[in-house]
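Colleague: Got a structure for you, written out below as C-alpha cells; questions coming shortly.
The values are calculated or read from the model by the stated rules, or taken from the named source; none is laboratory data. Because the structure is predicted, anything quoted here is derived from the model rather than measured. Cβ placement follows ideal geometry from the backbone for every residue including glycine, while neighbour counts extend to all protein chains displayed.
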Amino acid sequence: MTSKRRRFVALVAVVAALALVVTGCASKTDTGGTDGGAKEATVVKIGIGAPLTQGAVALGKGMERGANLAISQANEDAAVKDLGITFESVSGDDQGDPKTGVTVANQFVSDSKLVGVMGHLNSGVSIPASKVYNQSSVVMVSPASTNPSLTQNGLDNVFRVCTIDSVQGPSGADSAFKDLGFTSAFVVDDSTPYGTGLADEFAKQFAADGGKVVGREKTGDKDSDFNALVTKIKSLNPAVVYYGGIYNSGALLSKQLSDAGVTAPLMGGDGLYDGEYIKLAGDAAAEGDFCTSVGYPIDQLPKGADFKAAFEAAYPGEAIAAYDAYSYDAANVIIEAVKKVAADLGAAKVTTLEGKKAIIAAVAATNMEGVTGAVAFDANGDTTNKVITLYTVKAGAWTAYVK
Amino acid sequence: MSGDVIVQQLVNGITLGGLYALIALGYTLVYGIMLMINFAHSEMFMAGGYVGLFVLKALTNEAWVGAGTVGFFTGGVFGLIVLFLIVFLSAAILVGILGVVIERFAYRPLRHAPRLAPLISAIGVSIFLQNAVLLWVDSKALPFPAVMPVVTVFKAGGVTVNSLQILILVTTLLLLAFLDTFVSKTRIGKAMRATSQDRDAAGLMGIDINQVIGLAFFIGPALGGIAGVFHGMYYGSVKFDMGFLPGMKSFTAAVIGGIGNLRGAMLGGFVLGILESLAAGFLSAGYKDVVAFAILILVLIFRPGGLLGESVVEKV
C-alpha cells in the first residue's frame with residue numbers, strides 16, 4: 001500500500017516536472033560577448049521575447065535574427081567598446097501564449113543586468129508582459145504588436161516601432177474598397193487581441209467607405225476546420241474575405257475557400273505576411289490573396305540594402321521575414337539609449353534602477369534613421385512612422401501591389 | 001438559408017464526423033478493455049499525420065526511389081491507389097507499433113496501480129510526444145503534398161461533394177464494419193470481450209491478457225494514425241499540436257456514443273461532426289465548440305452511459 005502510494009507520488013512528481021520543463025523554459029543563446037580588448041566591460045543584457053517553438057514561429061525566429069544582428073553589430077562598434085559596455089542577448093520563448101509570455105517576462109526582470117526587452121510579437125502576449133516590465137522599470141520596444149491598447153495603459157516604458165491596427169485595419173479597408181474595387185466583404189478573426197482588433201477596424205472603415213460587410217465571424221487561432229464557415233461564406237458570395245489573424249490558420253482558411261470553389265481572395269494584415277502562408281495554403285489557393293504590412297518594402301528604403309547585405313552575411317540562406325528589420329530597429333533603439341545613458345552616467349550605472357529609468361527616458365526621446373524609416377515615438381510610445389504597404393501573392397511570393 | 005446550404009453543411013459535418021469517429025474508435029476500444037482513457041491517443045493521430053507525410057514524401061522523391069517509380073505512382077489512378085495504400089498501411093502499422101510500445105512502457109507497469117496513475121502517465125506521454133515532434137521534427141506546420149487529385153464527384157445546385165470526402169466516409173464505415181465483425185465473430189475478438197468483462201477471470205480461463213491488451217493498443221492507435229493521414233490530406237498540413245482539438249472532440253464523441261461501445265463511438269462522431277457544422281453554419285463559427293461541449297453535458301445529464309451505452313449497475 002505505502003509503496004504503491006509512493007510510486008504514485010513519484011510518478012505525479014515526474015509528470016509535473018516534465019510539464020514544467022516543456023512549458024516555461026526560456027532558452028539562452030548568448031551572442032556577442034566576445035570580450036576582445038575591454039576586460040572590465042559591463043555586461044548589459046537585452047531580452048528577446050518572441051514565439052520560437054509554437055505560434056507564429058517563422059515571424060518569431062525572424063525577430064530573434066534581426067535583434068541579434070543589431071546586438072552583434074553594436075559589440076563591434078568602437079564607440080560601444082570605448083564606453084566599457086558589452087551587449088548580450090537573452091532569448092525567451094513566449095510560444096505566442098500570454099501565460100508563457102508572463103513567465104518569460106518574469107525571468108527577464110529577475111536578471112538585474114537586463115535593461116530592455118525587444119519583443120513581443122503577439123499583442124495578446126505583449127500587453128500582460130508590459131506590466132511586468134513596468135514594475136521593474138525595464139524598457140520594452142515591440143517590433144510587431146499592433147493592437148492599439150498596448151500603449152494606452154499609461155505605462156511609460158512601453159514603445160513600438162510598428163504601426164498600429166487602427167491605422168493598418170482602415171488602410172486595408174481603403175485599399176480593398178477604393179484601389180481593388182471590392183464592394184462586399186466577409187470579415188473573420190481568430191479571437192486573439194491582434195486578430196479581433198484588426199478585423200474590427202477593417203469592418204468599421206469598410207462600412208464607412210460605403211462597402212457592405214455581409215458577415216462577421218469569430219474562429220479560434222488553433223482551428224483547422226473551416227469548412228462550415230466556408231459554406232456560409234460561399235452562400236453569401238462576398239467580393240473579398242478579410243481575415244484578422246496569423247498565417248497558420250489564415251492559410252488553411254484560404255485553402256478551404258479555394259477547395260470549395262470560392263473565387264473571392266483572402267485579405268489580411270501583417271500576420272499573413274510570410275512565405276509560410278503560401279507554402280501552407282498552396283500556390284494555387286494563395287495566388288491573388290492580399291495582405292497589408294507596416295512600413296515600406298525593405299528594398300525601397302535607403303538603409304534597406306545595407307541591412308540586406310548584413311543580414312545575408314550573418315544568416316546565409318535565410319529569407320528576411322516580416323519583422324526582421326523592425327526587430328533590428330527595435331534592438332537598435334534600446335542600444336542607442338543604453339549608449340547615451342552609459343555616456344551620461346557611466347557604464348557601471350547602466351544596470352541600476354537609475355540607469356534603467358534614464359534608458360526609458362532616452363528611448364522616449366529617440367530620433368534615428370532606421371532600416372524601416374525614421375524612428376521616433378509619440379507621447380503614448382507609438383511610432384510616428386505610419387506607412388502601410390499592400391502586398392499580394394504573385395507567382396508564389398508576396399510582392400508589393402502595384403495597380 | 002436555402003436547402004443547398006443545409007445539405008452542404010451536412011456533407012461538411014459527415015466528413016468531419018468521419019474523422020472524429022475514426023479517432024473515437026481508438027478511445028473506446030482501449031477504454032472497453034482497460035477501463036482507462038488513453039489521453040495520448042490524440043498524439044497517435046498526430047503521429048499518423050507525420051508518418052503519412054514522410055512516407056508520401058519519400059515515395060515521391062525521385063532521388064530516393066527513382067523517376068520511374070514516382071512516374072508510376074503519380075501517373076495514373078492505379079499508381080495513386082497503390083501509393084496511398086502504402087501510405088495508409090505504413091501510417092497504421094507504425095503508429096500501431098508506437099501504441100504497443102507506449103502501452104508496454106508507460107501503462108503496463110501501472111496496471112495494478114490506482115486508476116489515476118495510468119491516466120497521469122497518459123498525459124505525460126502526450127506531452128512527451130508533442131514536444132518530441134516539436135524539437136526533433138519541426139515546430140512549424142508542414143504542408144502536406146497534394147499528390148492525390150481531389151475531384152468533384154457530385155455537384156447539384158450549391159452542393160458539391162469531392163472524392164476525398166467520400167473516401168473518408170467509406171473508409172470509416174469499412175473500418176468500423178471490419179472491427180465490429182472482428183470483435184463479435186472471431187476467437188481473439190471473443191477473448192477481447194472476455195477481458196473487457198473481467199480481466200482477472202479471463203486470465204484464469206487461459207486468455208493471454210497481455211496479448212489482448214497489446215492488440216487493443218495496436219488497433220486503436222492504427223485507426224488514429226489513419227485519421228491523421230486523412231486530416232493531413234483534407235486540411236493540407238500537419239503540426240505537432242494538431243491532435244489536441246480533434247482529440248478532445250473525439251473523446252467527447254466516444255462519451256456521447258457510450259464509451260466502450262464501438263458503434264456508439266461511430267454514432268457519437270457523426271452526431272458531433274454534423275451538429276458542429278450546423279452550429280458553425282447557422283449560429284456562428286465561434287459557437288461550434290460551445291455546441292459540441294453543451295451536447296456532451298446534456299448527454300451526460302440525461303443518458304450518463306451515452307447514447308448506445310449500457311447502464312452499469314453499481315455492484316455492492
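Quick grid of which residues meet (1) in a loop (DSSP other than H, G, I, E, B); (2) of a type in the set (Gly, Ala, Ser):
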residue: A:127; (1), (2): no, no
residue: A:137; (1), (2): yes, yes
residue: A:162; (1), (2): yes, no
residue: A:168; (1), (2): no, no
residue: A:175; (1), (2): no, yes
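Colleague: While we're on this one: If you go through segment A:356-373 one residue at a time, do you hit one that is part of a helix (DSSP H, G or I) and not hydrophobic (A, V, I, L, M, F, W, C)? Quick ask: steps written out before the conclusion?
Modeller: If we filter segment A:356-373 for residues that are part of a helix (DSSP H, G or I), which is where we start, we get A:356-364.
Subsequent filtering for residues that are not hydrophobic (A, V, I, L, M, F, W, C) retains A:356-357.
Among the residues of segment A:356-373, at least one is part of a helix (DSSP H, G or I) and not hydrophobic (A, V, I, L, M, F, W, C), which makes the answer yes.
Colleague: Go through (1) within 14 Å of chain A (Cβ to nearest Cβ); (2) assigned to a helix (DSSP H, G or I); (3) among the aromatic types (Phe, Trp, Tyr); (4) touching a residue at least 24 places away in the same chain (Cβ under 8 Å) and name the single condition residue B:270 misses.
Modeller: Residue B:270 satisfies all of (1) within 14 Å of chain A (Cβ to nearest Cβ); (2) assigned to a helix (DSSP H, G or I); (3) among the aromatic types (Phe, Trp, Tyr); (4) touching a residue at least 24 places away in the same chain (Cβ under 8 Å) except (1).
Colleague: Now for a separate question. Does residue B:117 satisfy being closer than 30 Å to residue B:308 by Cα, among the hydrophobic types (A, V, I, L, M, F, W, C), without any contact (Cβ under 8 Å) to a residue 40 or more places away in the chain and part of a helix (DSSP H, G or I)?
Modeller: Taking the combined requirement at face value, the residue satisfies it.
Colleague: Within segment A:231-253, track down each residue that is within 7 Å of chain B (Cβ to nearest Cβ) and aromatic (Phe, Trp, Tyr).
Modeller: Within segment A:231-253, none qualify.
Colleague: Residue under question is residue B:165, and the condition is that it be buried (at least 18 other Cβ atoms within 10 Å of the Cβ), in contact with a strand residue (DSSP E or B) (Cβ under 9 Å, 6 or more places away or on another chain) and not aliphatic (A, V, I, L, M); does it hold? Spell out how you get there, then give the answer.
Modeller: Values: buried (at least 18 other Cβ atoms within 10 Å of the Cβ): yes; in contact with a strand residue (DSSP E or B) (Cβ under 9 Å, 6 or more places away or on another chain): yes; not aliphatic (A, V, I, L, M): yes.
Criteria met by residue B:165.
Colleague: Of all residues in segment B:275-305, which are assigned to a helix (DSSP H, G or I) and within 10 Å of another protein chain (Cβ to nearest Cβ)? Step through it out loud before you land on a result.
Modeller: Filtering segment B:275-305 for residues assigned to a helix (DSSP H, G or I) gives B:275-282, B:285-302.
Listed by number, the residues that qualify are B:276, B:277, B:278, B:279, B:280, B:281, B:282, B:285, B:286, B:287, B:288, B:289.
Colleague: Moving on. Going by the conditions given, is residue A:320 over 16 Å from the mean Cα position of the chain (by Cα) and either assigned by TED's automatic domain parsing to the domain that holds residue A:79 or not aliphatic (A, V, I, L, M) (or both)? Break it down stepwise before answering.
Modeller: Values: over 16 Å from the mean Cα position of the chain (by Cα): no; either assigned by TED's automatic domain parsing to the domain that holds residue A:79 or not aliphatic (A, V, I, L, M) (or both): yes.
No.
Colleague: I'd like to check something: does segment A:205-217 contain any residue that is crowded, with 24+ Cβ neighbours inside 10 Å, at negative phi and assigned to a helix (DSSP H, G or I)?
Modeller: The answer is yes; a qualifying residue exists.
Colleague: Can you name the number of the only condition in (1) of a type in the set (Val, Ile, Thr); (2) surrounded by fewer than 17 Cβ atoms within 10 Å (Cβ to Cβ); (3) part of a loop (DSSP other than H, G, I, E, B) that residue A:399 fails?
Modeller: (3)
Colleague: Quickly run through segment A:352-362 and pick out the residues that are under 25 Å from the mean Cα position of the chain (by Cα) and within 11 Å of residue A:138 (Cβ to Cβ).
Modeller: Selection gives A:356, A:357, A:359, A:360.
Colleague: If you don't mind, another one. Return a yes/no flag: does segment B:84-98 have any residue that is part of a loop (DSSP other than H, G, I, E, B) and on the phi < 0 side of the Ramachandran plot.
Modeller: No, that holds for no residue.
Colleague: Contact list please: Cβ distance under 7 Å, first residue in segment B:1-15 and more than 9 Å from every other protein chain (Cβ to nearest Cβ), second residue among the hydrophobic types (A, V, I, L, M, F, W, C), pairs at least six apart or on different chains.
Modeller: Short answer, once both residue conditions are applied: B:7/B:159; B:10/B:274; B:14/B:169; B:14/B:270; B:14/B:274.
Colleague: Of all residues in segment A:215-230, which are at the interface with chain B (Cβ under 7 Å from one of its Cβ atoms), closer than 19 Å to residue B:249 by Cβ and not small (Gly, Ala, Ser)?
Modeller: Hits for segment A:215-230 are A:218, A:219, A:222, A:225, A:227, A:229.
Colleague: Something else about it: Of A:189, A:209, which residue is charged (D, E, K, R), farther than 26 Å from residue B:235 by Cα, touching a helix residue (DSSP H, G or I) at 6+ places or on another chain (Cβ under 7 Å) and more than 9 Å from chain B (Cβ to nearest Cβ)?
Modeller: A:209
Colleague: Of the residues B:82, B:159, only one is within 14 Å of chain A (Cβ to nearest Cβ) and β-branched (Val, Ile, Thr); which? Steps first, answer last, please.
Modeller: Values: B:82 fails: within 14 Å of chain A (Cβ to nearest Cβ).
Going through B:82, B:159 in turn, just one is within 14 Å of chain A (Cβ to nearest Cβ) and β-branched (Val, Ile, Thr): B:159.
Colleague: Please state which one of B:277, B:237, B:250 is closer than 30 Å to residue A:190 by Cα, touching a residue at least 60 places away in the same chain (Cβ under 8 Å) and in contact with a Pro (Cβ under 6 Å, 6 or more places away or on another chain).
Modeller: Only one candidate qualifies: B:237.
Colleague: Test each condition in (1) part of a helix (DSSP H, G or I); (2) within 14 Å of chain B (Cβ to nearest Cβ) for residue A:321 and report the one that comes out false.
Modeller: Failing condition for residue A:321: (1).
Colleague: A further question on this structure: From (1) under 21 Å from residue A:54 (Cβ atoms); (2) in contact (Cβ under 8 Å) with a residue 40 or more places away in the chain; (3) surrounded by fewer than 24 Cβ atoms within 10 Å (Cβ to Cβ); (4) not small (Gly, Ala, Ser), pick out the condition that doesn't hold for residue A:146.
Modeller: For residue A:146, the exception is condition (3).
Colleague: So, of the residues in segment B:133-156 that are out of contact with any helix residue (DSSP H, G or I) (no Cβ under 9 Å at 6 or more places or on another chain) and in a helix (DSSP H, G or I), which turns out to be farthest from the other protein chains (Cβ to nearest Cβ)?
Modeller: Per the stated criteria, the residue is B:136.
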